[in-house]
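**Student:** Take a look at this one; I'll ask things after.
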Amino acid sequence: MRTVIIDDEASLRESTKTLLSIYTPEVEIVGQAGGVKEGIELIKSTDPDLVFLDVEMPDGTGFDVVHFFKERKFVVVFITGHDAYAVKAFKLSAIDYIMKPVDPELLEKAVMKAKYNLATENLDLHMKALQSNTASKRFNRIILKDAEKVFLISLDEIIRCESSGNYSRFHLTNDRTILVSTTLKEYETLLSDQGFFRPHQSHLINVTFFEHFERKTGGKITMRDGSQIPVSSRKREPLIELLQNL
């Protein structure tokens, strides 16, 4: 697997290269770069399968590299510090990342995942999601995967999500549904500051599609698609407060 490492820290590039040679011998390092401009030229000249990419560099960010390539045939694994915004963008876009300092086990898993993604997934969808989610401080899109396909979904298409054990069922506009093998708790963490609210342990709603709230008989929410969502007793006050602040 042809691989390049783009990071402004020479010591991190060398340590990553060493770890890759020990734990993933199938990886061939075909080049290194210390910045955005140099990294773009390196990718153009080497045509890699896998790019390890730093987020913050002196002449820009790893996102600038991502934005440069409108289409790509390589997998990106970001190497980042504790940037909560960046990490959420990666998760929403189903883009792999490793926190600094690099953990050998996570590095090995990232390479295995990259091999799988190269063989089975539409990389352009992940790219479009990441470009959208790093173009501003507002997240716009999310990657959802069911058993057969990968979908790029705008957040304003999501009406609500419903828990189904360790799965989550997304109810979308135009009567579409997608069942994904990720818990509702994970999506609550990703979407809670993007206009989504969890009124019940089994439900997460997009407040944009809220129609009205009935206080009697324990309380329930009616959504614009006609669905009715129960509200747990401990979520009544947070819901009322949320509605008052809209």
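**Student:** Could you tell me how many degrees, from 0 to 90 and to the nearest 10, lie between the Cα long axis of helix 10-23 and the main elongation axis, the longest principal axis, of the Cα atoms of the chain?
**Tutor:** 90 degrees
**Student:** Tell me, what HN-Hα J-couplings in whole Hz come from the Karplus equation 6.51 cos²θ - 1.76 cosθ + 1.60 at θ = phi - 60° for each residue of the range 94-106, using x for Gly and Pro?
**Tutor:** Taking θ as phi minus 60°, the curve returns 6, 9, 6, 8, 10, 7, 7, x, 5, 8, x, 5, 5 Hz for the range 94-106.
**Student:** By how many degrees, between 0 and 90 and to the nearest 10, does the Cα long axis of helix 123-134 differ from the longest principal axis of the chain?
**Tutor:** 70 degrees
**Student:** Evaluate the charge dipole of the range 111-196 about its Cα centre and quote only its size in Debye, nearest 20, assuming +1 on the Cβ of each Lys and Arg and -1 on the Cβ of each Asp and Glu. Before the final figure, lay out the partial values.
**Tutor:** Numbers: 12 positive and 11 negative charges, 47 e Å.
The calculation lands at about 220 debye.
**Student:** Where nothing but the Cβ of Lys and Arg (+1) and of Asp and Glu (-1) is charged, how large is the charge dipole of the chain around its Cα centre, in debye to the nearest 20? Present the calculation step by step, with values, prior to reporting the outcome.
**Tutor:** Details: 32 positive and 36 negative charges, 225 e Å.
Once rounded to the nearest 20, the dipole reads 1080 debye.
**Student:** Under 1.5 on a/c is rounded, so check that first for the range 70-168, then, if it is not, pick prolate when a/b is larger than b/c and oblate when it is not; a ≥ b ≥ c are the square roots of the alpha carbon gyration tensor eigenvalues.
**Tutor:** Rounded is the answer for the range 70-168, as its axis ratio a/c remains below 1.5.
**Student:** Counting only the heavy atoms of the protein chains, how much of Ser11 is accessible to a 1.4 Å probe, in Å² to the nearest 10?
**Tutor:** 80 Å²
**Student:** What's the carbon and sulfur percent of the chain's accessible surface, probe 1.4 angstrom, rounded to a whole number?
**Tutor:** On the way: 5960 of 12380 Å².
Carbon and sulfur atoms account for 48 percent of the accessible area of the chain.
**Student:** If you take every DSSP beta bridge whose two residues both sit in the chain, what share of them, in percent to the nearest 5, is antiparallel? Let's see the in-between values first.
**Tutor:** Working: 31 of 49 bridges.
Around 65 percent antiparallel, to the nearest 5.
**Student:** Another question, if that's okay. Could you tell me whether the chain comes out rounded, prolate or oblate from its Cα gyration tensor? Rule is a ≥ b ≥ c as square roots of the eigenvalues, rounded for a/c under 1.5, then prolate if a/b exceeds b/c, otherwise oblate.
**Tutor:** Taking the square roots of the gyration eigenvalues as a ≥ b ≥ c, the chain is prolate.
**Student:** Sticking with this one: Need the C-alpha centroid separation for the range 192-246 versus the range 53-95, integer Å.
**Tutor:** The distance from the Cα centre of the range 192-246 to that of the range 53-95 comes to 34 Å.
**Student:** Measure nothing fancy, just the Cα-based angle from helix 36-46's long axis to the longest principal axis of the chain, in degrees from 0 to 90, nearest 10.
**Tutor:** That helix lies at roughly 70 degrees to the long axis.
**Student:** Then there's this: Under the classification rounded if a/c is under 1.5, otherwise prolate if a/b is larger than b/c and oblate if not, where does the range 130-189 fall, given a ≥ b ≥ c as square roots of the Cα gyration tensor eigenvalues? The partial results should precede the final answer.
**Tutor:** On the way: a/c = 1.70, a/b = 1.51, b/c = 1.12.
Judged from the Cα gyration tensor, the range 130-189 comes out prolate (a/c at least 1.5, a/b above b/c).
**Student:** Could you report the chain's accessible area per residue, 1.4 Å probe, as an integer in Å²?
**Tutor:** Values: 12380 Å² over 246 residues.
Per-residue value: 50 Å².
The values are calculated or read from the model by the stated rules, or taken from the named source; none is laboratory data. Treat the numbers as computed from the prediction; the structure is a model and nothing was measured. Note that we place each Cβ from the backbone using ideal geometry, even for glycine, and neighbour counts take in every protein chain shown. Heads up: the accessible areas ignore ligands, DNA and RNA and are worked out on the full protein's heavy atoms, side chains in. Shrake-Rupley method; radii C 1.70, N 1.55, O 1.52, S 1.80 Å.
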